[in-house]
There are 4 protein chains.
Amino acid sequence: MTKGRLEAFSDGVIAILITIMVLELKVPHGDNVAALRPLVPVFLAYALSFVYLGIYWNNHHHMLHAAGRINGKVLWANLHLLFWLSLVPITTGWLGDHPRAPLPAAVYGGVMLLAGFAYHILEQTLIAAQGAESKLAAAVGRDLKGLLSRVSYAIAIPLAWVHPWISIAVYALVAAAWFVPDRRIERTV
Amino acid sequence: MTKGRLEAFSDGVIAILITIMVLELKVPHGDNVAALRPLVPVFLAYALSFVYLGIYWNNHHHMLHAAGRINGKVLWANLHLLFWLSLVPITTGWLGDHPRAPLPAAVYGGVMLLAGFAYHILEQTLIAAQGAESKLAAAVGRDLKGLLSRVSYAIAIPLAWVHPWISIAVYALVAAAWFVPDRRIERTV
Amino acid sequence: MTKGRLEAFSDGVIAILITIMVLELKVPHGDNVAALRPLVPVFLAYALSFVYLGIYWNNHHHMLHAAGRINGKVLWANLHLLFWLSLVPITTGWLGDHPRAPLPAAVYGGVMLLAGFAYHILEQTLIAAQGAESKLAAAVGRDLKGLLSRVSYAIAIPLAWVHPWISIAVYALVAAAWFVPDRRIERTV
Amino acid sequence: MTKGRLEAFSDGVIAILITIMVLELKVPHGDNVAALRPLVPVFLAYALSFVYLGIYWNNHHHMLHAAGRINGKVLWANLHLLFWLSLVPITTGWLGDHPRAPLPAAVYGGVMLLAGFAYHILEQTLIAAQGAESKLAAAVGRDLKGLLSRVSYAIAIPLAWVHPWISIAVYALVAAAWFVPDRRIERTV
């Protein structure tokens, strides 16, 4: 089974998600500055999600580069990750439409949390396919950064009912922490 | 003629289908739980179709991996399969909008049945291109699982007029039976 | 300059066009047979255009397979072809919405005619890049079939004002004639 | 880290952008010439943006062909470019809907200016990854053409308040100047 086709398919899905997300930015109805104003929160939500999908693409790229062998379980773990990522455009659009409401901010974080779990499962499935002594297992280590991200999402979700912008700030901070590609893998490999 | 470009094109179409299907999940109009409620059946229909397209991608991947040679007939048999799969997003959206009506459930099954036939035709066309003594012919064998799936769809379609959820349950069971990638091919190859 | 990236980009654009075209098939508003009826002409127009884009993908595949060298002019001739093909979804949607009006049928044929010219220009640009003694030049020959198709479109367009279904019948006949991949190239190569 | 996956991902995103842009061309509501008339400016804006995205794809292709090594910074510089390019469909749709208003023409130029800067940053990041003595550094030279384009956009933006068509004319002229692929790189490599 070729790793190349899995990478190409994942790249395809992520490229399409990152691009159809922009369809949530509707063409403004007027031709003046007032017509642009409602787009501002949608634009900011779009930029945040663009960075998130970029991070996933980047880290997916590094992780599969370090992996040698894949099997049927990896294919499904990968589709499971793509499933949660496929919900990012709709949660982004909802967050952008209602930037002051708690539920959209919480649901956005919920999808991020589930995507984080799915990435973790994919990582473990890939390591299991390589053997515990593999380069990938050494590179990933205990994956503290992934764990902390998932904990951050879990804390940020209920905080949306205190103020949604607290949650959004947490999501932005987690994105900033992941902005750098996974140096552990780059170093080890 | 290169097999690679056929695989890349099919991956592209399936990746796009799996992703535009999410566009049927419209951004909710309100910002509360009540606004999310009408999305529940659409979300469940989306998840079922996501699994179906994942199964097709997986099995397509395995089948072409086992095939060596392709010809002009294979290209068209492949496009024929992609044609029926391209109707999955619309039948999914319709099923999600009307989860209690018989016709959308029946049409969903009808498209699944036609995609199942198209997959079978592609399989036979590929085998014909390899020769009857090929690895692929041995791997596919009598394809009892494919036949049983098509029979299940054919039975489930009229049952939609008894209750649409019976049909949907059959579709979900068939998906569950295919969840595992086609072990016969993996074993033989 | 690598031929592979040109093929991958063209495959990507054609795969996306073939797939977003299905978005013109809107999810029906009701849950009964009456709700499906207005979809019938849109579905037929979709099927015709699906076959057309499949033919273009197929022949593009064969032509580039036979070509060895590409240059900057080929890149732009290829983008020019993709430009006219990118209008197929909208002309298909318009034809499907108004199957009895002359103008949509004529505009559909106009885009087909321009795409046909663009394909011819791409063919000539590729031959010029290979040299007149190339396999591709021998394979394409005088391209009588391409010429006859363009003449058929040019005749079918004004006939839309006699009856749009005459034009549509001509388009369907031309598609049928191209259904078989370009045997000349397959034979020669 | 493989350059191939970066190219494939960028090709995917640009192919999707070029194709979803056509979704701004809505299917006309009537079946006569009057129904087509409002599409004319949208069509012209679409054609201009199609050429722009074609130019970016072409030059991106050449630049990465001349580059040997990439790193994590290049991945993000590339995503940054794709981010601004992803806004082209919406600014194109807005410009097409309001061809006589200054703001849409200015915003269109603003996105072009930011995409131009992002391309310049990607170029410098790639050169830094190769070393100052690289083929790419020699090929790009002082990049006067890129600088002049960015200056032209910066001048054209305020001119939209004199008349939006002046700005649009400048954008079209810059596109015409870039139409030819970057000969410097082709020559040197």
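The values are calculated or read from the model by the stated rules, or taken from the named source; none is laboratory data. As the structure is a prediction and not an experimental result, all values here were calculated from the model. Note that each Cβ is placed from the backbone with ideal geometry, even for glycine, and that neighbours are counted across all protein chains shown. Quick note on the areas: whole protein, heavy atoms, side chains included, nothing else; ligands and nucleic acids left out. Shrake-Rupley method; radii C 1.70, N 1.55, O 1.52, S 1.80 Å.
Numbers below:
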| read-out | value |
| --- | --- |
| Whole-Å distance, taken between Cα centres, linking segment C:1-42 and segment C:68-136 | 18 Å |
| Rg(Cα) / (2.2 N^0.38 Å) computed for segment C:52-189, rounded to two decimals | 1.10 |
| Derived scalar couplings ³J(HN,Hα) [segment D:79-84; Karplus, 6.51 cos²θ - 1.76 cosθ + 1.60; whole Hz; x for Gly, Pro] | 4, 4, 4, 4, 4, 5 |
| 10 Å Cβ neighbours from other chains, averaged over peptide C:34-46 | 1 |
| Helix-derived mean residue ellipticity, 222 nm - over chain A, DSSP H n ≥ 4, -39500 (n - 2.57), to 500 | -25500 deg cm²/dmol |
| Residue mean of other protein chain beta carbons inside 10 Å, C:95-108 | 3 |
| Dimensions (Å) - segment B:54-115, Cα atoms, principal axes, largest first | 46, 20, 14 |
| Residue-by-residue Karplus 3J(HN,Hα) for segment C:91-102, coefficients 6.51, -1.76, 1.60, Hz, glycine and proline x | 5, 5, x, 5, 4, x, 6, 10, x, 10, 9, x |
| Accessible area (Å², per residue) of chain A, counting only protein heavy atoms and a probe of 1.4 Å | 39 Å² |
| Residues residue A:23 and residue B:29, FRET efficiency given R0 of 30 Å [Cβ-Cβ distance, rounded to 0.05] | 0.95 |
| Chain B - percent relative contact order, Cα under 8 Å, separation 6 or more | 27 percent |
| Residue-count net charge about residue A:104 - beta-carbon cut-off 9 Å; Lys, Arg +1, Asp, Glu -1 | -2 |
| Inter-copy spacing of residue B:29 label points, which lie 7 Å from Cα along Cα→Cβ, given in nm from shortest upward | 1.4, 1.4, 1.9 |
| Rounded tilt (10° steps) of B:164-178 against the dominant C-alpha axis of chain B | 40 degrees |
| Accessible surface ranking that places the most exposed of A:151, B:88 first, with a 1.4 angstrom probe | A:151, B:88 |
| Relative contact order of segment B:1-110, pairs being alpha-carbon contacts under 8 Å that are 6 or more residues apart, as % | 41 percent |
| Chain C: angle of helix C:3-20 to the longest principal axis, Cα-based, in degrees nearest 10 | 10 degrees |
| Distance histogram in 20 Å bins (all Cα pairs of the protein assembly as shown, percent per bin) | 16, 51, 31, 2 |
| Most mobile listed residue (D:110, D:141, D:93) in chain D, GNM with C-alpha springs under 10 Å | D:141 |
| Neighbour cut-off at most 13 other Cβ (10 Å), DSSP loop, trypsin sites (Lys or Arg not before Pro), segment D:112-174 | D:142 |
| Accessible area (Å², 1.4 Å probe, nearest 10) - residue A:173 | 120 Å² |
| Peptide A:83-90, shielding by other chains (average Cβ, 10 Å cutoff) | 4 |
| Radius, Kirkwood style, for segment D:1-120 when every pair of distinct Cα atoms is counted (Å) | 15.5 Å |
| Total accessible area lost when B and C pair, probe 1.4 Å, Å² to nearest 100 | 2900 Å² |
| 7 Å along Cα→Cβ, label-point gaps from residue C:100 to other copies, nm, shortest first | 3.6, 3.6, 5.1 |
| Karplus-derived HN-Hα couplings along segment C:154-162 (A = 6.51, B = -1.76, C = 1.60, θ = phi - 60°), whole Hz, x at Gly and Pro | 4, 6, 5, 4, x, 5, 4, 7, 6 |
| Portion, in percent, of the accessible area of chain D that falls on carbon or sulfur, probe 1.4 Å | 68 percent |
| Degrees, to the nearest 10: B:39-66 long Cα axis against longest axis of chain B | 0 degrees |
| Percentage relative contact order, segment D:72-149, counting C-alpha pairs under 8 Å, at least six apart | 35 percent |
| Cβ-Cβ FRET estimate between residue C:163 and residue B:142, R0 fixed at 45 Å, reported to 0.05 | 0.35 |
